[in-house]
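What follows is a single structure, and I will ask about it in a moment.
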Amino acid sequence: MRKVYVNGDFKNEDEAKVSIFDRGLLFSDSIYEVTSVIDGKLIDFNHHMKRLDRSMTELKFKSFINHDEILEFHRKLIEFNNLKEGMIYTQVTRGVVDRSFDMPKDVIKPTVLAFTQEKKILESDAAKNGIKVMTLEDMRWKRNDIKTTQLLYASMAKSEATAKGFDDAWMLRQGYITEGSSNNVWIVKGKIIMTRHSDNLILSGITREAVLKCAKDLGYEIVTKNFTLQDAQSANEAFITSATALVTPVVKINTSKIGGGKPGNFVKALRAEYIKQALETAI
Ligand code: PMP
């Protein structure tokens, strides 16, 4: 039985409640962050908080939540649930108000909830063996830069991929790969690393930013630009990044094996470098 956080209180997970009039439930009018926990410590917490504020600003939320308050309930959740490795999910909704497409003009109290989830992060099977992805058309809206809980298409895409024996879906928009269902995409060609440029069509990952720095530290040339399915299928290596996947190799895209179907040396080195830097700055 986990302890979870809801609106200032810690409750047993089966006792936590939110209103049926919450705009997060009725309109997906809410945003979230997932911060990974390794050795009981939070990875990249401050950057996740900056993006939380950005998401709220983009959706014109009128109330913000103090970062110290958020850090405090994160630390308590880790302690109460004795979380060593996994993640903390935090969601902030616009709040509770009578149902209307017109967003409330008054300041209303946001709903804030958070919970822990255990997950193998450092020694996952995906990191060891790599994952297989299939491409699907990107049918999401055009504000994927905001981390909203409007995740239905991403969830449908992931489910279609796993039903067909793949691990995830890479999404294609006008011939270019945008991102995975819940991660950013990368390919390696020779000494050049490519990841899609960030704009309104993808979420600018916190891990992506950190990994860009790690790749530079390892002396690689980085190009942040669109790439096609053909570019990806002819790459030497491919990988994804996200808070809980860290750097995870991709060994198959549709019917094409990448790097002979095994994780490559560059991805392994980059993952190790990212883990090293992430642990140095964990709080
Ligand atoms: N893109 C999408 C669509 C995502 O859902 C995520 C994970 N939340 C990412 C990219 C990676 O972001 P981060 O590195 O901040 O976890």
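For the stretch 235-266, which residues satisfy the criterion of being in a loop (DSSP other than H, G, I, E, B) and not basic (K, R)?
Answer for the stretch 235-266, where residues must be in a loop (DSSP other than H, G, I, E, B) and not basic (K, R): A235, N236, A243, T244, A245, N254, T255, I258, P263, G264.
Among the listed residues N184, N144, identify the single one that is surrounded by 20 or more Cβ atoms within 10 Å (Cβ to Cβ) and farther than 20 Å from P249 by Cβ.
The conditions single out N144.
Further, regarding this structure: If a residue has to be open to solvent by less than 70 Å² (accessible area, probe 1.4 Å) and more than 26 Å from I70 (Cβ to Cβ) to count, how many in the stretch 104-141 make the cut?
11
Could you check how many residues of the stretch 267-276 are surrounded by fewer than 20 Cβ atoms within 10 Å (Cβ to Cβ) and either touching a residue at least 40 places away in the same chain (Cβ under 8 Å) or part of a strand (DSSP E or B) (or both)?
Residues that pass the stated criteria total 3.
Could you tell me how many of the residues in the stretch 166-188 are under 22 Å from K268 (Cβ atoms), assigned to a strand (DSSP E or B) and charged (D, E, K, R)?
Result for the stretch 166-188: 1.
Right, here's the next one. Where in the stretch 1-71 are there strands (runs of 3 or more DSSP E), lying fully within it, with 2 or more residues that are exposed (fewer than 15 other Cβ atoms within 10 Å of the Cβ) and not hydroxyl-bearing (S, T, Y)?
By residue number, 9-12.
Tell me yes or no: at least one residue of the stretch 84-96 is in contact (Cβ under 8 Å) with a residue 60 or more places away in the chain and open to solvent by 40 Å² or more (accessible area, probe 1.4 Å).
Yes, the stretch 84-96 contains a residue that is in contact (Cβ under 8 Å) with a residue 60 or more places away in the chain and open to solvent by 40 Å² or more (accessible area, probe 1.4 Å).
Pairs only if they're at least six apart or on different chains, beta carbon under 6 angstrom, first in the stretch 241-260 and outside the structural domain of Y176 (by TED's automatic domain parsing) and closer than 18 Å to Y176 by Cα, second within 9 Å of the ligand (Cβ to nearest atom) and open to solvent by less than 30 Å² (accessible area, probe 1.4 Å); list them, first residue then second.
Final answer for the pair search is none.
Taking interchain pairs and intrachain pairs at least six residues apart, which have beta carbon atoms under 9 angstrom, with the first residue in the stretch 212-232 and open to solvent by 90 Å² or more (accessible area, probe 1.4 Å) and the second hydrophobic (A, V, I, L, M, F, W, C)?
K216/I222; E221/I192; E221/I193; E221/A215; K225/M194
Please go through the stretch 196-217 and pick out each residue that is out of contact with any Asp or Glu (no Cβ under 6 Å at 6 or more places or on another chain) and farther than 20 Å from D44 by Cα.
Result: R196, H197, D199, L201.
Would the stretch 211-228 turn up any residue that is closer than 30 Å to H74 by Cα, among the hydroxyl-bearing types (S, T, Y) and either at pLDDT below 95 or not in a loop (DSSP other than H, G, I, E, B) (or both)?
Checked against the condition, which is being closer than 30 Å to H74 by Cα, among the hydroxyl-bearing types (S, T, Y) and either at pLDDT below 95 or not in a loop (DSSP other than H, G, I, E, B) (or both), the stretch 211-228 yields no hits at all.
Note down all Cβ pairs under 8 Å where the first residue falls in the stretch 194-211 and is over 24 Å from N236 (Cα atoms) and more than 9 Å from the ligand (Cβ to nearest atom), the second is open to solvent by 30 Å² or more (accessible area, probe 1.4 Å) and not in a helix (DSSP H, G or I), and they're at least six residues apart or on different chains.
So the pair list comes out as N200/K142; N200/R143; L201/K142; L201/R173.
The values are calculated or read from the model by the stated rules, or taken from the named source; none is laboratory data. Fair warning: this is a prediction, and the values are worked out from it, not measured in the lab. Neighbour counts run over all protein chains shown; Cβ positions are idealised from the backbone, glycine included. With ligands, DNA and RNA removed, areas are computed over all heavy atoms of the protein, side chains included. Shrake-Rupley method; radii C 1.70, N 1.55, O 1.52, S 1.80 Å.
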